Every structure is written in C-alpha cells, then in structure tokens.
C-alpha cells in the first residue's frame with residue numbers, strides 16, 4: 001500500500017497551459033504539504049494544510065493554488081505555466097506538530 | 001545565507017567505509033532534526049529523527065546533534081553500494097514547517 005501517492009508522475013506541458021497535480025495519503029495524518037525541489041535538489045515548502053485549512057503559504061506566485069477537499073487529499077493547480085516552474089513537486093503528510101513527514105514519489109513537471 | 005547549509009558533495013567512499021555527513025544551521029529555534037535519504041527519481045524517506053542535542057543510533061546509522069555549535073551529523077557505518085543516494089538534513093522549530101539542507105550526494109563504490 002502506497003502511503004503518499006501523487007499523480008501524475010511525469011508531466012510535460014507547454015508554457016501558458018494550466019495543469020493539476022493530485023495527492024492522496026492513507027496514513028491518517030491531518031496535515032499535508034507541497035514542496036518544490038529544484039534542479040539543485042533544494043527542497044522548499046510551498047503550502048501546508050491542516051484538516052483542510054491552509055496553515056502555511058510561503059512566498060509562491062498566486063498562479064499556484066492548492067486545494068484540500070478533505071484531510072486525506074491535497075491537490076495543486078498551476079495556471080499559466082512558465083519555464084521556471086519546471087521542477088519536481090513533492091506531496092508530504094504528517095501529524096500536526098509532528099516532525100516525521102512522509103513524502104510521495106514526486107511529480108516531475110517540465111514546461112517547454 | 002541559507003538557514004541550513006549542507007555540502008552538496010559528491011562524497012565518494014569505498015564499500016565498508018564510514019560515511020560522515022553534516023549540516024550547519026543558523027536558526028537557534030530549531031528543535032527537531034532529521035535525516036532523509038533520497039534515491040534518484042524517488043521521494044525523500046525519513047532515516048533518523050532526533051529531538052534537541054545528543055546522539056541516536058539505529059543499526060548502521062548514528063545521528064548527532066550539537067545545538068551549542070548549531071551542527072548536526074549523520075554517520076553510516078559499514079557502507080554498502082545500496083547506501084548511494086542523496087542525504088538531506090531537515091530541521092523544524094515549533095510549527096510544522098520543515099527546512100531542508102540542499103542535500104549531499106553519496107556514492108559508495110564496491
């Protein structure tokens with residue numbers, strides 16, 4: 001059983017398009033996250049939701065909009081994709097205040 | 001200056017050697033310290049988790065935290081080719097945001 005699963009695994013799209021990435025966790029955690037990993041492997045938090053409420057919103061362009069329909073799901077929608085959005089996007093989950101975060105396999109986004 | 005600094009490597013060692021990894025940080029509010037292992041094209045997986053200063057051992061892995069020096073280490077004994085991966089340190093203050101180092105690429109040669 002996959003604990004944190006993301007779809008799609010790979011996404012190649014043209015500049016200006018809108019795309020979504022989906023994430024689901026079956027660990028019973030109440031907090032979910034989106035992280036971005038750039039080409040230099042640097043992982044940076046973008047958003048965090050606790051029980052469907054946004055609790056962390058780092059300095060991210062407003063073209064990125066997360067949505068959490070329930071505490072087991074967190075989606076990321078990106079409007080008007082730009083070349084600089086190319087990266088690997090990781091979903092993760094944990095208990096609130098917990099330090100043990102579990103990560104999905106990542107979505108490799110390439111904007112051409 | 002980044003909050004968490006980590007040498008990117010690569011660090012190449014022969015099989016059986018001890019791998020020594022470290023991170024330095026600037027935020028004295030960090031209380032929780034973690035090491036993640038990331039294989040190529042995979043998500044990070046949690047290896048070690050420590051709270052505050054001290055040592056923690058788990059099998060071949062030992063994590064050390066020195067809060068007075070703002071320095072954490074991970075040692076891998078009897079390294080195996082399967083240990084070849086990128087190792088990321090991560091830290092957390094109160095609240096639930098993890099701050100990561102940039103990762104160190106490790107290559108264990110048979």
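Counting other C-beta atoms within 10 Å, which of A:80, A:5 has the fewest, and how do the rest follow?
Fewest-to-most Cβ neighbours within 10 Å comes out as A:80, A:5.
The base-10 log of I(q)/I(0) for the stretch A:16-112, evaluated at q = 0.11 Å⁻¹, reads -0.29 [Debye formula, identical scatterers on Cα atoms, solvent excluded].
Taken as Cα centroids, the stretch A:73-106 and the stretch B:1-70 sit 22 Å apart, rounded to the nearest whole angstrom. The C-alpha atoms of the stretch B:1-95 occupy a region whose extents along the principal axes are 37, 26, 20 Å, arranged from largest to smallest. The length gained by stretching the chain between residue A:14 and residue A:72 to full extension, at 0.36 nm per residue less their Cα-Cα distance, is 17.9 nm. Taking all Cα-Cα distances within the stretch A:71-112, those exceeding 18 Å account for 40%.
Potential lengthening of the chain between residue A:56 and residue A:39 amounts to 3.8 nm, from the contour at 0.36 nm per residue minus the alpha-carbon distance. Of the Cα atoms belonging to the stretch A:1-48, the radius of gyration and Dmax stand at 12.9, 36 Å. Working from Cα pairs under 8 Å separated by at least six residues, relative contact order for chain A is 37 percent.
So for the stretch B:55-110, considering every pair of alpha-carbon atoms, how many percent are separated by more than 16 Å? Could you put the intermediate results ahead of the total?
Values: 844 of 1540 pairs.
Looking at the stretch B:55-110, the distances longer than 16 Å represent 55 percent of pairs.
When you restrict to C-alpha pairs under 8 Å that are six or more residues apart and normalise by the size of chain B, the relative contact order lands at 38 percent. Cβ-Cβ distance of residue B:17 and residue A:80, R₀ of 41 Å, FRET efficiency by 1/(1 + (r/R0)^6): the value works out to about 0.25. Counting every C-alpha pair in the protein assembly as shown, the share spaced more than 32 angstrom apart comes to 18%.
What ranking do B:39, B:25 get, fewest neighbouring Cβ atoms within 10 angstrom at the top?
On the way: B:39 12, B:25 22.
If I rank by nearby Cβ atoms, fewest first, I get B:39, B:25.
Readers should treat all values here as calculations from the given coordinates under stated rules, not as data from a laboratory. Just so it is clear, the structure is predicted and the values come from calculations on it, not from any experiment. Here the Cβ is made from the backbone with ideal geometry for all residues, glycine too, and neighbour counts use every protein chain on show.
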